[in-house]
1. Between A:Gln320 and A:Arg138, what is the spin-label point distance in nm, taking each point 7 Å from the Cα along the Cα→C-beta axis?
2. At q = 0.13, 0.19, 0.20 Å⁻¹, what log₁₀ I(q)/I(0) does segment B:2-73 have when each alpha carbon counts as one equal point scatterer in the Debye sum?
3. If I model a spin label at B:Leu138 and A:Ala124 as a point 7 Å from the Cα along the Cα→Cβ vector, what separation in nanometres do I get?
4. Enumerate the aspartates and glutamates that A:Lys46 could reach by cross-link, defined here as Cα to Cα under 12 Å, with residues fewer than 8 away along the same chain left out.
5. Starting with the highest mean, order B:185-191, B:6-12 by the number of other Cβ atoms within 10 Å, averaged over the residues of each peptide.
6. Which of B:Leu299, B:Val186, B:Pro115 sits closest to the plus end of the dipole of segment B:87-313, meaning its Cα is farthest towards the positive end, when Lys and Arg get +1 and Asp and Glu get -1 on the C-beta?
7. Of A:Ala61, A:Ala298, A:Ala18, which is the most mobile in a GNM of chain A whose springs link Cα atoms less than 10 angstrom apart?
8. To one decimal place, what Kirkwood hydrodynamic radius in Å is obtained for segment B:77-141 from all pairs of distinct Cα atoms?
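Just so you know, all these numbers are worked out from the coordinates, no wet-lab data involved. These numbers were taken from a predicted model, which means no experiment stands behind them. Virtual Cβ from ideal backbone geometry, glycine too; neighbours counted across all protein chains shown.
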Amino acid sequence: MLEIDRLTLTLPLGRTGAPLPVLENVSLAVNRGERLGIVGESGSGKTLLALAILGLLPEGARAEGAIRFDGVDLLRRSAEARRAYRGRRIGMVFQEPMTALHPMLTIGDQIGEGIALHQGLRGAALRRAVLELLAQVRLPDPDRQINAYPHALSGGQRQRVGLAVALSGNPNLLIADEPTTALDATVQREILALLRDLTEARGLGLLLVSHDLGVVAHITQRLLVLYAGQAVETGPTLALLEQPLHPYLRGLRAAVPRLGRALTPIPGTLPTPQERGPGCRFSSRCAWSIGPCAEAQALRPLKARTVACWQAESLQACQQAGNLQACQQAGNLQACQQAGGLE
Amino acid sequence: MLRPILQRLGSAAVTLFLGSALLFLVLEVLPGDPAAVMLGLEARPDTLAAVRAELGLDQPALLRYLAWVGGMIQGDFGLSYTYRVPVADLIAERLSLTVPLALLAILISTALALPLGTLAAAKHGKAADAGVMLFAQLGVAVPNFWIGLLLILLFSLTWPLFPVGSFPGWGDGLLPGLRALFLPAVALALPQAAILARVTRAAVLEVMGEDYIRTARAKGLSNRRILIRHALRAALLPVITILGLQFSFLVAGAILVENIFALPGLGRLLYQAMNQRDVIVVKDVAMLLAAFVILVNLLVDLAYLWLDPRLRRGA
């Protein structure tokens, strides 16, 4: 259904507004009923990717490549034609439930507006449809809450309303940008469960954008890891999380807080678009960085996934040999690969 | 919902009290004895004393203040020193001109400013935006009495479309009266519309950057609907605030404009009363104008409550 082909996005961030790439050659695909997670730190370009699909990029942004929805390249369509996709084909849930809803309109109005526009309902039928949707997102007491303003709702309830707004046009694809980041841990779980149930029940495709591996692990089937505007690893969610091959994903994995284990943060910070060079962008923070890291790393297939690291095989071998730590200290992965062997 | 309304009513009452006390004090300190002005320089001391007693000027200040406020509350505004008629009658006659004039001016000003400001924000950085901003710049720079003179010159003398210097009253229906008030209302409205258009433009531009506008876009709504239903609604709060503030300038402007157009309104009454040291008329009219401004600000506060549900819970 959604197919992104080598999408490159530039923003006028350079000196005197020169365009700098914030996303480079990113490709992905989401089919109906499929849930894809996009993971990366703040600044990796994941939110811009979501906005590019909707055609809501900030002024001055330029997109190259292709964003195909059911075969139609959205980047080649007029602004008005793209609007027809928003809400009706592609719905979006935003990160901040506090600010993403209009403070002066009732939630019934905000949901009903989408239903009226896309499904042409009016009056009592519209009200029934809004109540139905509120029940589907499991908002308690919809008969009363339909007339409530957002400030009267809790964060979790507002995100349910945000989800109802995203579904009001009955779309085929749902994009959720950090939908649970602003919420308490228990509420997070409920919202994630709701997302999974709703996409399953409606057969929707889901593009879940998050910086949190725990969140994507919960409900996505496939994963795309973004680092500094480039995809560094893609594949089935479980396989990637159990055996990350790209050093960045390994670092992310180690940085997930878990009981009874010290948290290992990734040293350094994400390079900004102004700081990005031609080579592997993670190399300055990578424990295995040597030699060819100064050259650009393209995604290449490895087993069921794709990775953009020339040492991925060695890493995998060391991992299988069980002496990754020792190899890292010796700075010698090739030795490991020869000793352990790659099947 | 009731509590915040009562809070605002209470604060309006306090402002009204403070305003009346301040006004009374200022006129008390100002030089010029009304009795002396009425009788002239040659007046005999005992006549002077008699007149002062008749006007109640020999009473202590606090008593006179209480008598004044008490009288106003009961609708007794006292007697004009110069005309020897009840001030209430003088004011009532003038109100039938000034209130419609002010309302018409506000109507013209908002009817110009809201669409122009919103248009400028929607066409941010384009020719329409530049045009509106140029109009706004001119409107702010040019004083209303000058606009008034220009309007008289153009639309009463060169092309005699509107009458000038006469007000037919409301006896012959709405139209002749409105026609007489149109040019002065435009003169009053233009500078206000200029400021209001700028405020509207800035407010709409700011709101357009909000997250909930992005949500509205993601819903697939048209730009027009987003602008009017989502952005303008939120932008109305600052716009109404400025509108309330502008009302006091409108009152001040009416004094000038009524004089230029020779309209027998409240502003002209105040102006003449000041020249004649008719302190009681000055005091009453000024108090009435202050009460208008306070009332309008109360209405602005109530409009806030109506527009923004977040404020309805009370402070």
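1. For the pair A:Gln320/A:Arg138, the computed spacing is 4.2 nm.
2. For segment B:2-73, the Cα-only Debye profile gives -0.53, -0.86, -0.91.
3. Those two pseudo-labels are separated by 5.6 nm.
4. A:Glu24, A:Asp177, A:Glu178
5. Values: B:185-191: 24.9, B:6-12: 13.7.
Highest to lowest by the protection proxy: B:185-191, B:6-12.
6. B:Pro115
7. Between A:Ala61, A:Ala298, A:Ala18, it is A:Ala18 that shows the largest mean-square fluctuation.
8. Numbers: mean 1/r = 0.0670 Å⁻¹.
Kirkwood radius, segment B:77-141: 14.9 Å.
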